[in-house]
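Trainee: Please read through the structure below; I'll follow up with questions.
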Protein chains: 4
Amino acid sequence: MTASTEVPPTAAGERFEAVLRETVGPLADEVDRTGRFPRDGVRALAGAGVLGLLGAPEHGGPGGSLRQAAGVVERLAGVCGSTAMVVLMHYAATTVIDRHGPGEVRRAIAEGRHLSTLAFSERGSRSHFWAPAGTAVREQDGTVRLDAEKSWITSAGEADSYVWSSRPVAEDGVMTLWLVPADSAGLHVRGDYDGFGLRGNASSPVTGKAVSVPATAMLGADGEGLDTALGLVLPCFLVLSAAFSLGVTEALLDLTASHLRGSRLEHLDRTLAQQPLPRQEFARLRLRADAVRSFLDDTLTALEASRPEARLRVLQVKALAAETAAEVADGAMRLCGGSAFRRDLGVERRFRDALAARVMAPTTEALHDFCGRAALGLPLFEEA
Amino acid sequence: MTASTEVPPTAAGERFEAVLRETVGPLADEVDRTGRFPRDGVRALAGAGVLGLLGAPEHGGPGGSLRQAAGVVERLAGVCGSTAMVVLMHYAATTVIDRHGPGEVRRAIAEGRHLSTLAFSERGSRSHFWAPAGTAVREQDGTVRLDAEKSWITSAGEADSYVWSSRPVAEDGVMTLWLVPADSAGLHVRGDYDGFGLRGNASSPVTGKAVSVPATAMLGADGEGLDTALGLVLPCFLVLSAAFSLGVTEALLDLTASHLRGSRLEHLDRTLAQQPLPRQEFARLRLRADAVRSFLDDTLTALEASRPEARLRVLQVKALAAETAAEVADGAMRLCGGSAFRRDLGVERRFRDALAARVMAPTTEALHDFCGRAALGLPLFEEA
Amino acid sequence: MTASTEVPPTAAGERFEAVLRETVGPLADEVDRTGRFPRDGVRALAGAGVLGLLGAPEHGGPGGSLRQAAGVVERLAGVCGSTAMVVLMHYAATTVIDRHGPGEVRRAIAEGRHLSTLAFSERGSRSHFWAPAGTAVREQDGTVRLDAEKSWITSAGEADSYVWSSRPVAEDGVMTLWLVPADSAGLHVRGDYDGFGLRGNASSPVTGKAVSVPATAMLGADGEGLDTALGLVLPCFLVLSAAFSLGVTEALLDLTASHLRGSRLEHLDRTLAQQPLPRQEFARLRLRADAVRSFLDDTLTALEASRPEARLRVLQVKALAAETAAEVADGAMRLCGGSAFRRDLGVERRFRDALAARVMAPTTEALHDFCGRAALGLPLFEEA
Amino acid sequence: MTASTEVPPTAAGERFEAVLRETVGPLADEVDRTGRFPRDGVRALAGAGVLGLLGAPEHGGPGGSLRQAAGVVERLAGVCGSTAMVVLMHYAATTVIDRHGPGEVRRAIAEGRHLSTLAFSERGSRSHFWAPAGTAVREQDGTVRLDAEKSWITSAGEADSYVWSSRPVAEDGVMTLWLVPADSAGLHVRGDYDGFGLRGNASSPVTGKAVSVPATAMLGADGEGLDTALGLVLPCFLVLSAAFSLGVTEALLDLTASHLRGSRLEHLDRTLAQQPLPRQEFARLRLRADAVRSFLDDTLTALEASRPEARLRVLQVKALAAETAAEVADGAMRLCGGSAFRRDLGVERRFRDALAARVMAPTTEALHDFCGRAALGLPLFEEA
């Protein structure tokens, strides 16, 4: 980890590193093989204060920065992608809860007793999270009934709550957000996730059928969910997603460098690193990764300084980092050759994890469309 | 399957299709999940005459053509990559046996009673199969002692014989070939293959320690193994490898087309196929695949007509097909988005299989080096 | 030139080669420098029977094939891109005239006394040639009045006639075609072309204001122009455009090979060809070009045999060849390094010519859209 | 210009902008067309203090920073690439003169009365500037005789002096540097540069035959020229080269954005910017450029703070910026379609300029080799 991201300092940082070394790391391969949710790792991270990192001081949290959260996610992603994604989604969800949620949940989060996640994507609108089809209806008793077919909810069935999007109850606008307890009646996690990468992140569809929540479960005002999502959740999610991709990228480059330095062509008496072609390709990939780090650093600085281009930078940084991760991962698979096909090298696991980010909403294509619209003076949302 | 490759005609073709439909296809997912060698599929293919396809009529074979073998491998690869690779390696090995091997083995092959494979790559020289470090020593009793650390032998522990490379016994030259029975004392398959793709092809390291074979096990003359490998094995292997890549590519495009046509963005009331971007990218990939098919067809025609550029074409065709498979596979993963991360769509299995060809010896880089040397008037072998 | 295209045989072929050697070649640099139309070259080609190649025997033509025309264009393109493009557009225009035009013009074409060209693209619809805005109005005297702002007409002010598209006079449909004599009143060539590549092809905007033509100038039926364009002009244009790109590509590879073989790093005592990196890259580009040749050959064969996929192949072949030309050209510029920046090497002229094809209508993007629609079961024309 | 680079402040900055607006800009097209050296522009820049920017205060200079020089070069490059390259090479040369040169030349430079340039590359070692073949021989009268065939000297015949590399006179090592007055007897500029891009930068071969310089012309110690080149010249050259590429890139993106926003498809009643495909591609290119800016900014900061990775960053930044410029330029040519082929749009001039940086020594491939060696623990110089 260098300039662009940072882990929490001193004591907290040491505890974090210990959890990585003693729990998350040793379990990573098994999590990947079995596809089991990394409960032990998440619990240990909670115990080390990692889940509460962003919690505000007034609720007992350390008031950690987004830069620190990025440091945590980057570091985790190189060790266990599934665990990193669980923490990432938790951080993204807590941005809303910390602004609009009830005090006791905020306190529980700050103290590491509550794991949350986002429930945005839906079966019908796929990765277009800005167009929920799920509904919220005010019942006669004052409660609200939620119905939706959510897809791809990280930590499905594992988190304590979902930050849930629906159409507005009564107001104009396209979205309203809710804090839905995971044990609400009517919530059904549909099937285990058996996937290509991030195999332990419990990313499953969740159906909500007549889920009843109190009116106070609303996060922010009715109909203003998209503003909250774009202004609060998205910057956090996008920056952390970039940090995730960077972490996987760095892990891949480390493994590749070791392979190139350690593998010999005995009949030529040289290592692979001493061959001009792999060296050239490695440097090209190394440069790609370094460019992502600079860009992520610049994005964080822009956010911290409220620079006007910050809004564009967060959209760009996820696209750049995700595409770079995919490119570096593909290059690492090629450079490590047949060896990368063996699981024990660790390259193929990171390769599989690396491909997730570009297709997670907002996808690279969606981000480019937003950025292209911004750069060319067009409205941000409008289908063509 | 279109112009470029063809399956054996009529009766044989129908039996082949039946085996695909009834045995190979239904077992493919399990083979991939468990990493188990597809014994039932290989046995059924043997029974349908597929293993004996290239067998010469004088030994009871149908005298099938390389074009037909390519058709078989292409078809298989789209259904079960592991089975396809086993058959491919068998065909490549039998080219040598059919020219230089003993009559009874040739008969057994023609009759589908013998599965063979190549044992070329070694730990020390890695993918540079043209530089074996393994030795062959003539013993006082006239037998020959073979020692080597072979790596990445397909069907290791499953085949009946290995076509084995070593340094020459006594003559100049860089290689001598041997037919080594799989039950020879001193052969050890080292560990199960637990890999990224082609998980059922039993591709494991094989150590030969003081393996004793009769002098008659030599395939061709002492020291002339490289000529045999380049003139006989390589064209067959390269063409079939291209057919393999093309088969996986076509399967990926079929799955992707289905996904694009069948997935709707309900809030926009259109399928993904109706979105300009995915359509554009699909067409680009479709064109890549069609270009491989034309090139493979042209390569086969060049071989059949003994056109002078045939030698260059076989080197090129594997590189083109393997790189295209990797590119199409990556594009399919992207186009199918999150859905491709679910195993049941079948995309991720083909994606993993698709990445194998480019790193199998001779790798794309090695092939480009050969072709570059040929095109620029340099000697073919010479390290730089 | 190899299998995929062919020049007219024996006597005709020899005359063609002589014109290339004695006229077109020696003038190519000057044509490029000055941007002057290659009148001497076109006249010499006419004299050698090249302009009349496709002329039907009943009008005194040799009845040459599209494959021969492709051979001519490929060969020309490597020597002088501007001349090649002029001939290409002439061939494309004559496909319509030969089917629907008046006998005397057909005879003049067959005898090399008439140069024609296409006038399809318009200022308003840009490269979407299938959507002309220009009008055709029947006057009281039975003549027809044409108005349009044509853009990018090759041989503007140099050809003897234009094959001109407009909206239909009276019928439904989107297009009607006309044979417009170049000396018609109301035609104005607007300004000299001073461009990046193909600098001598006189590609200028042409305004038609109240151009009067007889009703018999209509080529085919009113409103059926798009069918004619798609069925007759387009296959010819697309195939020849591919041949054009291939010709430029081959010229670039020849120049690059010479550079790599002839340039020495004296302090290392080796040529650039002896460096692994440039050799690798050269082979990659060489393979790209060879894949285009196979594909073009396959496309021509598909057309000759009326294979069902022929329609798709012609759309694909221009895209593949144009993109390959651009890629090879860029690679050649890189491989030839600083030397390519000097005009006398000839690389930069071909590089500039090579980039034209991909943006000529139908552009690569348009072709991919058509092919994607065909492959995904959507209607061919429909804007999104 | 944003965060990463900056122009000299207030008065100086305003004068600079005025020169750009009134002299450099209006002459740019003519410089490109005629290939004439931009004497008026250089003179005006000198007058505005731009040539003396890096001059130390003790010699009357403003002691400008590398970041300011980068700002100047970036700004110039978007307006007139040739002028920018002349200034870039002058700055790179003055780094050595300012450290090791005579006071009066340093004063002349600070006062804008002296234009210098680098004379490193040679015919024999091509872009491998670290391996000069040219010689330096001490004569009996104490003077030194220089002989070399220099290639590609920017401002050849226009500059007042050359910073000249040769083999050492007597010491070990590979290089010694000299300050050679441009009017020295024995210097011959060989031919005018008539090139693809940067057409006005007077980049010609220069032969030195028995050029006599005083022993005091030596810049630094005998045999230590490579250290000086790597430690002093290279960081400046590489950073400014990146700024050059970025300036051209930004100009191309500006022109492309204008084209997309201003061009209408009238039959669809929308601009090109409203088409999903061009918008997507534009955003992708825009992101590439922004990543370069962040990386350049980070590189400058690393240099300013003497961060340990600064040495690697300067090698990387030129590679990243040059490759990005080439990629963006190619994309701009495609996005602007046929229009980009017309000179008056200004795209094709920047496109031609943009391709220069990647092949200027050290080329992208050389930089990747250095970076790969550094990252993989190998010695920096060693040929393979």
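Trainee: If I ignore ligands, DNA and RNA and count only protein heavy atoms, how much of A:T299 is accessible to a 1.4 Å probe, in Å² to the nearest 10?
Mentor: Result for A:T299: roughly 0 Å² accessible.
Trainee: How much net charge surrounds D:G55 when only other residues with a Cβ under 10 Å from its Cβ are counted (Lys, Arg +1; Asp, Glu -1)? Mind dumping the intermediate values first?
Mentor: On the way: positive: D:R106, D:R107; negative: D:E58, D:D98, D:E111.
Here the charged neighbours net out to -1.
Trainee: While we're on this one: Using the structure shown, list the pairs from D:K209/D:K318; A:K318/B:K318; A:K209/A:K318; B:K150/B:K318; D:K150/D:K318; C:K318/D:K318 with a Cα-Cα distance above 30 Å, or answer none. Display every interim value, and only then the final one.
Mentor: Working: D:K209/D:K318 33 Å; A:K318/B:K318 35 Å; A:K209/A:K318 33 Å; B:K150/B:K318 23 Å; D:K150/D:K318 23 Å; C:K318/D:K318 35 Å.
Distance filter (> 30 Å) returns D:K209/D:K318; A:K318/B:K318; A:K209/A:K318; C:K318/D:K318.
Trainee: In whole Å, what are the extents of the stretch A:217-350 along the principal axes defined by its C-alpha atoms, from largest to smallest?
Mentor: 70, 31, 16
Trainee: If you don't mind, another one. Give the average, rounded to an integer, of partner chain Cβ atoms located within 10 angstrom of each Cβ in D:354-363.
Mentor: On the way: counts 0, 7, 2, 0, 3, 9, 3, 2, 0, 3.
Across D:354-363, the average partner-chain Cβ count within 10 Å equals 3.
Trainee: Starting from the eigenvalues of the Cα gyration tensor, five times each then square-rooted, give me the equivalent ellipsoid semi-axes of the protein assembly as shown, largest first, whole Å.
Mentor: Gyration-tensor ellipsoid for the protein assembly as shown: 47, 44, 41 Å.
Trainee: Moving on. How much of C:M85 can a 1.4 Å solvent probe reach, expressed as accessible area in Å² and rounded to 10?
Mentor: Around 0 Å² of this residue is reachable by solvent.
Trainee: Related question: Note the buried accessible area between B and A here, summed over both chains, with a 1.4 Å probe, in Å² to the nearest 100. Show your work: numbers first, answer last.
Mentor: Working: alone 16790 and 16820 Å², together 29450 Å².
When B and A are taken together, about 4200 Å² of accessible area is lost.
Trainee: Please list B:F237, B:F381 in order of solvent-accessible area, largest first, computed with a 1.4 Å probe with all protein chains present. Could the numbers behind the result be given before it?
Mentor: Working: B:F237 10, B:F381 75 Å².
Highest to lowest solvent-accessible surface, that is B:F381, B:F237.
Trainee: For chain C, compute Rg over Rh where Rg is the Cα radius of gyration and Rh is the Kirkwood radius from the inverse mean 1/r over Cα pairs.
Mentor: Working: Rg = 21.0 Å, Rh = 21.3 Å.
Using only Cα positions, Rg/Rh for chain C is 0.99.
Trainee: What residues of the stretch D:16-38 lie in the reach of a label at C:R343, counting those whose backbone N is under 20 Å from a point 7 Å from the Cα along Cα→Cβ?
Mentor: D:28-38
Trainee: Taking only C-alpha pairs under 8 Å that are 6+ residues apart, what is the relative contact order of the stretch D:221-312 in percent?
Mentor: Details: 39 pairs, mean separation 22.8, N = 92.
Relative contact order, the stretch D:221-312: 25 percent.
Trainee: When each copy gets a label point 7 Å from Cα toward the beta-carbon at D:A56, what are the spacings between them in nm, shortest first?
Mentor: Those label-point separations list as 5.6, 8.5, 8.6 nm.
Trainee: A further question on this structure: Provide the per residue accessible area, probe 1.4 Å, for chain D, rounded to a whole number of square angstrom. It would help to have the intermediate numbers written out before the result.
Mentor: Numbers: 12940 Å² over 384 residues.
Normalised by residue count, the accessible surface of chain D is 34 Å².
Trainee: How many nanometers, to one decimal and shortest first, lie between the label point of A:E104 and those of its other copies, if labels sit 7 Å from Cα toward Cβ?
Mentor: Sorted ascending, the copy-to-copy spacings read 8.3, 8.9, 10.0 nm.
Trainee: Still on this structure, I have one more. Hey, what does the equivalent ellipsoid look like for the stretch C:10-115, semi-axes from the Cα gyration tensor as sqrt of 5 times each eigenvalue, largest first, whole Å?
Mentor: Numbers: eigenvalues 108, 40, 26 Å².
Semi-axes, largest first: 23, 14, 11 Å.
Trainee: Please compute, for peptide B:338-346, the average count of beta-carbon atoms on other protein chains lying within 10 Å of each residue's beta-carbon.
Mentor: For peptide B:338-346, the averaged partner shielding equals 6.
Trainee: What Kirkwood hydrodynamic radius, in Å, does the stretch C:94-181 give when the mean of 1/r is taken over all pairs of distinct Cα atoms and then inverted?
Mentor: Values: mean 1/r = 0.0730 Å⁻¹.
After inverting the pairwise mean of 1/r, the radius is 13.7 Å.
Trainee: A further question follows. With r defined as the distance between the Cβ atoms of A:T143 and A:E382 and R0 fixed at 41 Å, what FRET efficiency is calculated, to the nearest 0.05? Intermediate results must be reported in sequence, preceding the final value.
Mentor: Working: r = 35 Å, r/R0 = 0.87.
E between A:T143 and A:E382, to the nearest 0.05, is 0.70.
Trainee: Roughly how compact is the stretch C:125-234, stated as its Cα Rg over 2.2 N^0.38 Å to two decimals?
Mentor: Scaled against compact globular proteins, the figure is 1.05.
Trainee: If I model a spin label as a point 7 Å beyond the Cα along the Cα-Cβ vector, how far apart are those points for C:R311 and D:K209 in nm?
Mentor: About 7.0 nm, to one decimal.
Trainee: Can you compute the helix-only [θ] at 222 nm over chain C? Use -39500 (n - 2.57) per DSSP H run of at least 4 residues, normalise by all residues, nearest 500 deg cm²/dmol.
Mentor: Values: 14 runs with 187 residues, N = 384.
Value at 222 nm, helices only, nearest 500: -15500 deg cm²/dmol.
Trainee: One decimal, nm, shortest first: give the distances between the label point of D:G186 and those of the same position in the other copies, each label point 7 Å from Cα along Cα→Cβ.
Mentor: Spelled out, the distances from D:G186's label point are 7.1, 7.5, 9.3 nm.
Trainee: When only the heavy atoms of the protein chains count and the probe is 1.4 Å, how do B:D160, D:D369 rank by accessible area, highest first?
Mentor: Working: B:D160 70, D:D369 30 Å².
Largest to smallest exposure gives the sequence B:D160, D:D369.
Trainee: Would you mind calculating the relative contact order of the stretch D:118-222 from Cα pairs under 8 angstrom and at least 6 residues apart, reporting the percent as a whole number? Mind dumping the intermediate values first?
Mentor: Values: 254 pairs, mean separation 32.7, N = 105.
Taking the mean separation of contacting Cα pairs over the length of the stretch D:118-222, I get 31 percent.
Trainee: Given the rotation that superposes chain A on chain C, what residue of A brings its beta carbon nearest the axis, and what is the distance in Å?
Mentor: Nearest-to-axis residue on chain A, with distance in whole Å, is A:P276, 2.
Trainee: Leaving out ligands, DNA and RNA, and with a 1.4 Å probe, what % of the accessible surface on the protein assembly as shown is carbon or sulfur? Display every interim value, and only then the final one.
Mentor: Numbers: 25340 of 51820 Å².
Roughly 49 percent of what the probe reaches on the protein assembly as shown is carbon or sulfur.
Trainee: Report the accessible area of A:H90, computed with a 1.4 Å probe over the heavy atoms of all protein chains in place, in Å² rounded to the nearest 10.
Mentor: Around 0 Å² of this residue is reachable by solvent.
Trainee: Please give the helix A:364-376 orientation as an angle from the longest Cα principal axis of chain A, in degrees from 0 to 90, rounded to the nearest 10.
Mentor: 80
The values are calculated or read from the model by the stated rules, or taken from the named source; none is laboratory data. Everything quoted here is computed from the prediction, not taken from an experiment. Cβ atoms come from the backbone with ideal geometry, glycine included; neighbour counts cover every protein chain shown. Please note that ligands, DNA and RNA were not included when accessible areas were found on the heavy atoms of the full protein model with its side chains. Shrake-Rupley method; radii C 1.70, N 1.55, O 1.52, S 1.80 Å.
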